[in-house]
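The values are calculated or read from the model by the stated rules, or taken from the named source; none is laboratory data. Computed from a prediction, not measured in an experiment: that's the story for all the values here. As a convention, Cβ positions derive from the backbone with ideal geometry for all residues, glycine included, and neighbour counts pool all protein chains shown. Protein only, heavy atoms only, side chains kept; ligands, DNA and RNA dropped before computing areas. Shrake-Rupley method; radii C 1.70, N 1.55, O 1.52, S 1.80 Å.
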Amino acid sequence: MDLQVKVFTDYVQPNVQVAEKRLDANFFQHQPYLDEFNKAQGTHLVSVGAVPLEPLGAYSSKFKQLEDLPSGANVVIPNDATNGGRALLLLAKHNLITLKDPTNILSTIKDITANPKGLKFRELEAATLPRVLTQVDLGQ
């Protein structure tokens with residue numbers, strides 16, 4: 001098998017290029033992301049095998065623990081539905097926010113029912129999050 005690897009800097013183009021038949025396949029996403037992509041883009045891509053679901057982390061250049069976040073901290077999360085939801089689920093798991101449904105991977109900022117520290121959320125393209133970590137209190 002001769003594989004040609006192509007690197008992308010965003011999460012959208014790999015699926016777009018498969019849908020447009022410019023690539024045969026890609027290997028980067030979990031099923032909930034693929035489902036949301038198909039729904040949003042009107043595509044009909046299918047999974048031909050599972051990929052590992054990498055753990056989602058919370059990163060800060062200012063604080064060592066989630067519990068150290070101050071009131072009003074600036075938090076950036078991915079703007080795609082499933083990874084944004086995963087980020088919110090992680091914060092809920094650590095009791096920093098409360099969600100309507102603490103098991104819903106598609107939770108959005110609108111689903112936050114309690115935010116005792118008044119965290120300020122901003123949604124960004126996932127690929128840009130590492131570049132803004134020094135400008136925010138927390139990124140996921």
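Taking 60, 107, 71 in turn, the Gaussian network model of the chain (Cα-Cα springs below 10 Å) assigns the largest fluctuation to 71.
Over 31 Å apart at the Cα level, from the set 6/100; 6/110; 21/120; 62/100, are 6/100; 6/110; 21/120. The label-point distance for residue 64 and residue 113, in a model that sets each label 7 Å from Cα toward Cβ, rounds to 3.5 nm. Please enumerate, by chain and number, the aspartates and glutamates with C-alpha under 16 Å from the C-alpha of residue 64, excluding those fewer than 8 residues away in the same chain. Output for residue 64: 137.
Modelled label positions at residue 134 and residue 103, each set 7 Å beyond Cα in the direction of Cβ, lie 4.3 nm from each other. From helices alone, the chain scores -7000 deg cm²/dmol at 222 nm; the rule is -39500 (n - 2.57) for each run of n ≥ 4 DSSP H residues, then divide by the residue total. Ligands, DNA and RNA left out, the 1.4 Å accessible surface of the chain is 53% carbon and sulfur atoms. Accessible surface calculations at 1.4 Å, restricted to protein heavy atoms, place the chain at 64 Å² per residue.
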